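A.B. asks: If you scroll down you'll find the structure; I have some questions about it.
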Amino acid sequence: MNLRRSSGFTLLEVLAAIALLAIAFAIGLSALGGAARNASRAAALDTAMERAQSLLAGQGLATPLENESKSGTFADGMGWTLKVQALPRSAPTPDDAVNAVEFTRSGGVLMAQAAAIVLYQLDVAIEYGDHRTLRLSTERAQAAPDTDQ
């Protein structure tokens, strides 16, 4: 008898190769799905950041700043809350000039504040995505209201 060995693949080898390819394909799809979720979250964060900066930039332009809290919802469902509050000032002395500078300590930071200027802290919170919240805070200076009138 003359037995020849064929040079092809056995059925078992082909099935093992297909199983390895299926596992690699599943891992690849999982990685692509995670990347798509991260890209979606990044886009939502960018939108929330733009909206928060826009809200902060518009404060004090049309009307003077005052202690208040506002909230609302954008057209796409993102909710926002804005809190404006005047920062504490040291009591003026009778010999303070209009251009005098007051030094106060706020949160452990020494701040210089002109006597005719009021500093306001603006805090904005934007709710976006899967119950995520972006919080930004800034300070804005405004001329002190006239108390002579």
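A.B. asks: Here is a list of conditions, (1) out of contact with any strand residue (DSSP E or B) (no Cβ under 6 Å at 6 or more places or on another chain); (2) surrounded by 10 or more Cβ atoms within 10 Å (Cβ to Cβ), and ALA48 meets all of them except one; can you say which number that is?
C.D. replies: (1)
A.B. asks: Another question about this same structure. Do we have GLU66 as part of a helix (DSSP H, G or I) and under 20 Å from LEU122 (Cβ atoms) here?
C.D. replies: no
A.B. asks: Quick one: which of PRO94, PRO88 is part of a loop (DSSP other than H, G, I, E, B), modelled with pLDDT of 60 or more and either loosely packed, with under 14 Cβ neighbours inside 10 Å or among the polar types (S, T, N, Q) (or both)?
C.D. replies: The match here is PRO88.
A.B. asks: Looking at LEU65, LEU82, which one is closer than 30 Å to ILE117 by Cα, surrounded by 14 or more Cβ atoms within 10 Å (Cβ to Cβ) and either of a type in the set (Asp, Glu) or modelled with pLDDT of 95 or more (or both)?
C.D. replies: LEU82
The values are calculated or read from the model by the stated rules, or taken from the named source; none is laboratory data. If you're wondering where the values come from, they're calculated on a predicted model, not measured in any experiment. FYI the Cβ positions are ideal-geometry reconstructions off the backbone, even for glycines, and counts take in every protein chain you see.
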